[in-house]
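Chemist: One structure is given below, represented as structure tokens, and several questions about it will come after.
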Amino acid sequence: MSHSRREGNAQHGAAEAHLRRSRGLSLIAALALLPIAGCTVGPDFEKPAPPNVDSYTARPLPATTASADVAGGEAQHFVEGSDITGDWWTLFHSKPLSALIEESLANNHDLKAAQAAMSVARENVLAQRGAYYPGVAAGFAASRQLQPQSLAPVPNFPVVPNEFQYNLFTPQVTVSYVPDVFGLNRRTVESLTAQAQEVRFQMIATFTALTANVVVAAIQQGSLQRQIDATHQLIDIETNILQIMQYQYDKGYVSGLDLAAQKSQLAQTTATLPPLMKQSAQLNNLLAALVGRLPSQAPAAQFDLSSLQLPEQLPVSLPSVLVAQRPDVRQAEANMHAASAEIGIAIANRLPDIALTANAGSTALAIDQVFSSGTGFWALGAELTAPIFQGGTLLHQERAARAAYVQAAEQYRSTVLTAFQNVADTLTALEQDADGLNAAAAALDAAKVTLDLAQRRVQDGYASELSLLNAEQTYQQAQITLVEAQADRFADTAALFQALGGGWWHRTDLADDSDEK
């Protein structure tokens, strides 16, 4: 054979090998881009409609609450249909309170854990979306092999004539693709997306509860400190009364029964002090934990109710939008959505499954011969798998998924009822506690008048010191009642903002493009 003819044959073989490799790669590319027309089995989730009501309470709310001429006694106006600001705590106009909340948002570990859980859920969604695309893997194998010499005489059997030890190099690319014919992957992604929303709204609920808890704890701290101070004064007053009555008893002016009654009164008042001290210490520990500190590192700031300003305009969201604002309701809705998608997953698992594969590569006896003429290979494959008998497992899994959806739907309805109950309870508390503060302020004014009269009578010599101490005792008890009523009004206001959702949809760090109000 002439040199030119051998060269021509070599060129023809190389062209043929290149053509085969190109055909194989084209088939792989076509497989990767293969459009599969399929359906998505299972129910399509429909967002529940909000309750068809136009009010939260059985009777209409008053336009304005009662007022009293004391700190926290301002009249509050209910503004129906008004929106909530994302930093509602600033309406109390307390810089120490706002600073404490910002510290809690930056350092609270429960909130950080909820944020991390949200990141986990989002990454799981992105990971599952990868199943929409073909999987591509590359491999390279190298081996040295020994061919049995006893088989050498067999014609054409040796891989390399007259050689029994040889190397084998095999690089290859494998493409696999599972067409989502019945929507198994789409429903799985839908379920994971709904679960991610569930985790997100759980994080928002943690945020809302954290801010409300800090505000209420600060209010209670200020209230308890004033109650402790008033109780100390009561103990001093009743101790003086007891000393006077002891003197009168010794002189025979009062009976032993009167003396014993006063001792009992002093003991009862003294017994109220340790619980107040305990609550105050526990509140300090709570505030420390809320801002991410240890109890020994509790914030030094002491809140005074007189430093807080009661918001006079109270937004009352429309009942039709409450379900979109409450994070617990949105969380229950997302759980319901995930349960709906699980039905589609269970149905798809009972249907046939198709898997497509393709691979191409080269096998050569020397590394420098890889991808040379005659060494290439490719393969295409398709596999259809259909469940025939699973002992009823798949059927009962589908039934369980449908029952789980009913469970999630009922939990959603229960959560909605609880949300409306919370708002109604808070609105009632705002109205009634305003009346309570008004009555407490009137009782304090009456006690102050009695105390002033007693002081004048003692100064003029018309009354004993004992009557003055009794008037002071009544006045301090009225002070304690007033402080409790003031704290209730501030706490009720914070509770209303929390019950209406907390305004998270106005915060850029919490809202996203999918949020709708």
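Chemist: When only residues in the range 139-164 that are hydrophobic (A, V, I, L, M, F, W, C) and open to solvent by 90 Å² or more (accessible area, probe 1.4 Å) count, which is modelled with the lowest pLDDT?
Modeler: Here the answer is PHE157.
Chemist: Of the residues ILE244, ILE228, which is β-branched (Val, Ile, Thr) and closer than 24 Å to GLN486 by Cβ?
Modeler: Matching residue, one of ILE244, ILE228: ILE228.
Chemist: When only residues in the range 225-263 that are hydroxyl-bearing (Ser, Thr, Tyr), open to solvent by 30 Å² or more (accessible area, probe 1.4 Å) and in contact with a helix residue (DSSP H, G or I) (Cβ under 9 Å, 6 or more places away or on another chain) count, which is modelled with the lowest pLDDT?
Modeler: Selected residue: TYR253.
Chemist: Which one is nearest to ASN349 (Cα to Cα) among residues in the range 180-196 that are charged (D, E, K, R) and part of a helix (DSSP H, G or I)?
Modeler: ARG187
Chemist: Is there a residue being over 24 Å from PRO134 (Cβ atoms), among the β-branched types (Val, Ile, Thr) and in contact with a Ser or Thr (Cβ under 9 Å, 6 or more places away or on another chain) anywhere in the range 372-382?
Modeler: yes
Chemist: Hey, can you tell me all the residues within the range 111-120 that are open to solvent by 10 Å² or more (accessible area, probe 1.4 Å) and either farther than 26 Å from ALA212 by Cα or not basic (Lys, Arg) (or both)?
Modeler: Passing the criteria: ALA113, ALA114, GLN115, ALA116, ALA117, MET118, SER119, VAL120.
Chemist: Same structure, new question: Can you tell me which residue is most open to solvent (accessible area, probe 1.4 Å) among those in the range 53-110 that are closer than 29 Å to ILE480 by Cβ and among the acidic types (Asp, Glu)?
Modeler: If we take residues in the range 53-110 being closer than 29 Å to ILE480 by Cβ and among the acidic types (Asp, Glu), then ASP69 is most open to solvent (accessible area, probe 1.4 Å).
Chemist: Do the conditions hold for ALA440, that is, is it over 30 Å from GLN265 (Cβ atoms), open to solvent by less than 40 Å² (accessible area, probe 1.4 Å) and among the hydrophobic types (A, V, I, L, M, F, W, C)?
Modeler: Taking the combined requirement at face value, the residue does not satisfy it.
Chemist: Does the range 247-267 contain any residue that is part of a loop (DSSP other than H, G, I, E, B), within 30 Å of TRP504 (Cβ to Cβ) and more than 30 Å from the chain's Cα centre (by Cα)?
Modeler: The answer is no, given that none of the residues of the range 247-267 is part of a loop (DSSP other than H, G, I, E, B), within 30 Å of TRP504 (Cβ to Cβ) and more than 30 Å from the chain's Cα centre (by Cα).
Chemist: Continuing with the same structure: Determine whether the range 163-172 contains at least one residue that is over 30 Å from ASP512 (Cβ atoms) and not in a strand (DSSP E or B).
Modeler: yes
Chemist: Restricting to the range 461-501, and then to whatever is hydroxyl-bearing (Ser, Thr, Tyr) and farther than 23 Å from ASP304 by Cβ, can you tell me which residue is most open to solvent (accessible area, probe 1.4 Å)?
Modeler: So the residue we want is TYR462.
Chemist: In the range 365-381, is there at least one residue being in contact (Cβ under 8 Å) with a residue 40 or more places away in the chain, within 31 Å of the chain's Cα centre (by Cα) and within 30 Å of PHE182 (Cα to Cα)?
Modeler: no
Chemist: Same structure, new question: Counting only residues that are under 22 Å from LEU318 (Cβ atoms), in a loop (DSSP other than H, G, I, E, B), among the hydrophobic types (A, V, I, L, M, F, W, C) and out of contact with any Phe, Trp or Tyr (no Cβ under 7 Å at 6 or more places or on another chain), how many does the range 44-94 have?
Modeler: Looking only at that region, the number is 3.
Chemist: Another question, then. Under 6 Å between Cβ atoms, at least 6 apart or on separate chains: pull out the pairs that start in the range 382-394 with a residue that is within 22 Å of ASP180 (Cα to Cα) and touching a residue at least 12 places away in the same chain (Cβ under 8 Å) and end on any residue that is open to solvent by less than 100 Å² (accessible area, probe 1.4 Å) and β-branched (Val, Ile, Thr).
Modeler: Close Cβ pairs satisfying both conditions: LEU384/ILE354.
The values are calculated or read from the model by the stated rules, or taken from the named source; none is laboratory data. Bear in mind that the values here come from a model prediction, so they are computed numbers and not experimental data. Cβ atoms come from the backbone with ideal geometry, glycine included; neighbour counts cover every protein chain shown. These area figures cover heavy atoms from the full protein model, side chains too; ligands, DNA and RNA do not enter into them. Shrake-Rupley method; radii C 1.70, N 1.55, O 1.52, S 1.80 Å.
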